[in-house]
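Below is one structure; the comments refer to it alone.
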Amino acid sequence: MPKSLLRKSLEGFHPYIPGEQPPDGEGWVKLNTNESPLPPSPRVIEAIKAAANDTLRLYPSPTAAPAREAIARRFGLDPRQVTVGNGGDELIELCFRAFADAGDRVAFPTPTYPLLEPLCRIHEAVPSPHPTELPSELPPSLSPDPAPLKFIVNPNSPTGALFDLPAVEAAVAASSGIVAVDEAYVDFAPRSALPLLDRHENVLLLRTFSKSYGLAGLRIGFALGSPDVISALDSVKDSYNVDRLAIVAAVAAIEDEEHHRKLVAEVVKHREALAASLAQLGFEVLPSSTNFVFARPPMPATEVVASLRERKILVRHYDREPIAGWIRITVGTQDQHDKLLVALKEIL
Ligand SMILES: Cc1ncc(COP(=O)(O)O)c(C=O)c1O
């Protein structure tokens with residue numbers, strides 16, 4: 001196809017080059033996309049097996065009703081305050097569809113999730129980045145920005161830092177548009193913006209089953225907000241955006257709170273051990289409220305990342321300032337950490 005025909009792409013976001021076979025974990029230590037090191041609840045596997053039957057010829061519930069109801073029960077909300085999507089990424093895309101017209105500003109603190117800028121391009125919205133001076137302090141310029149749509153990734157990626165709840169609430173209160181708080185990693189953090197739902201109509205919380213529920217392979221996430229905001233998202237979604245297996249899995253996952261808690265506790269424990277080991281090797285390490293560690297090696301990050309890759313260890317490198325010397329390492333299993341640390345000792 002002639003290049004001139006291409007109008008839009010998410011260039012700069014996808015972690016793999018289109019056409020390249022991504023390493024799928026087999027033989028690799030995959031610490032680059034913040035998947036869970038632990039499996040999902042056994043009840044999820046049972047629910048998927050039970051649903052893998054003749055009914056797959058039928059479309060799923062267009063509202064994914066059983067999932068919405070189970071999620072609403074878990075958070076003490078009305079089901080009209082919940083919608084679900086094909087991963088948190090789809091919910092971010094739905095925010096653009098519903099709340100950002102061509103030419104509108106979309107504001108967010110930077111550095112942050114690298115999907116936001118490319119989505120601005122696709123929707124012809126104008127990115128309005130607000131650089132953070134200190135990783136855990138919301139930039140004061142975010143609140144007065146008149147953008148009809150703002151994103152606050154909290155805890156943030158790739159820094160792992162948690163913005164203060166009062167600062168997030170102040171930004172929501174000062175904004176007349178929608179403020180989407182992307183809480184993809186919030187289960188690994190000490191607090192969430194959930195209480196804001198009772199006090200502000202314009203706040204939307206985005207969550208995912210990909211991280212703390214160990215279900216990245218299924219593609220399911222959810223959004224919590226006021227019934228009006230949720231119905232605005234529903235009005236722009238595809239008819240059947242979440243499949244039958246994902247719906248039953250989401251119900252089983254959200255109802256197995258004990259497994260969820262165990263998974264989170266294990267990741268948090270390993271996160272602190274990994275951060276301490278990296279610091280011992282001379283890395284500068286930021287405190288993390290997530291399932292990854294953001295750290296600056298004592299030699300050029302590009303060389304560290306390339307040498308790790310030669311040893312079949314994948315971590316995430318951001319090559320743009322102000323975080324060009326930093327790498328993001330997903331919290332893995334003990335065995336994966338042992339391999340990573342042995343490799344780093346050879347490289348440094
Ligand atoms: C900040 C942030 N938001 C949203 C997502 C989307 O996750 P998913 O589409 O797997 O639910 C991710 C995934 O890495 C993320 O880092």
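The values are calculated or read from the model by the stated rules, or taken from the named source; none is laboratory data. In this text, all values refer to a predicted model and were calculated from it rather than measured experimentally. Cβ: placed from backbone, ideal geometry, glycine included. Neighbour counts: every protein chain shown. Accessible surface areas use protein heavy atoms only, side chains included; no ligands, DNA or RNA. Shrake-Rupley method; radii C 1.70, N 1.55, O 1.52, S 1.80 Å.
Some points to look at:
- Figure legend. Inter-residue proximity from the range 155-184: first residues closer than 18 Å to residue 209 by Cα and among the hydrophobic types (A, V, I, L, M, F, W, C), second residues within 11 Å of the ligand (Cβ to nearest atom) and not in a loop (DSSP other than H, G, I, E, B), beta-carbon distance below 6 Å, spacing 6+ or different chains. Indicated pairs: 180/151; 180/206; 181/152; 184/88; 184/208.
Residues are listed down the side, and each one gets a yes or a no for (1) more than 16 Å from the ligand (Cβ to nearest atom); (2) within 24 Å of residue 84 (Cα to Cα); (3) open to solvent by 20 Å² or more (accessible area, probe 1.4 Å):
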position	(1), (2), (3)
109	no, no, no
113	no, yes, yes
129	no, no, yes
139	yes, no, no
144	yes, no, yes
159	no, no, no
193	no, yes, no
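Condition check ((1) in contact with a Pro (Cβ under 8 Å, 6 or more places away or on another chain); (2) within 16 Å of the ligand (Cβ to nearest atom); (3) at pLDDT 95 or above) across all residues:
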{"residue": "217", "(1), (2), (3)": "no, yes, yes"}
{"residue": "220", "(1), (2), (3)": "no, yes, yes"}
{"residue": "232", "(1), (2), (3)": "no, no, yes"}
{"residue": "244", "(1), (2), (3)": "yes, no, yes"}
{"residue": "255", "(1), (2), (3)": "no, no, yes"}
{"residue": "293", "(1), (2), (3)": "no, yes, yes"}
{"residue": "297", "(1), (2), (3)": "no, no, yes"}
{"residue": "304", "(1), (2), (3)": "yes, no, yes"}
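- With respect to the conditions (1) more than 20 Å from the chain's Cα centre (by Cα); (2) small (Gly, Ala, Ser); (3) more than 12 Å from residue 31 (Cβ to Cβ), residue 288 lacks only one, and its number is (1).
- Restricting the first member to the range 6-28 and to residues that are on the phi > 0 side of the Ramachandran plot, and the second to residues that are at pLDDT 80 or above and part of a loop (DSSP other than H, G, I, E, B), the beta-carbon pairs closer than 8 Å and six or more apart or on different chains are 12/114; 27/312.
- Residues of the range 68-96 that turn out to be within 16 Å of the ligand (Cβ to nearest atom), in contact with a Leu (Cβ under 9 Å, 6 or more places away or on another chain) and of a type outside the set (Phe, Trp, Tyr), as a count: 13
- Pairs, first touching a residue at least 12 places away in the same chain (Cβ under 8 Å) in the range 58-87, second among the small types (Gly, Ala, Ser) and loosely packed, with under 15 Cβ neighbours inside 10 Å, C-beta under 8 Å, six or more apart: 59/239; 62/239; 79/65; 80/231
- Residue match in the range 255-266 (condition: open to solvent by less than 60 Å² (accessible area, probe 1.4 Å) and closer than 30 Å to residue 100 by Cβ): no
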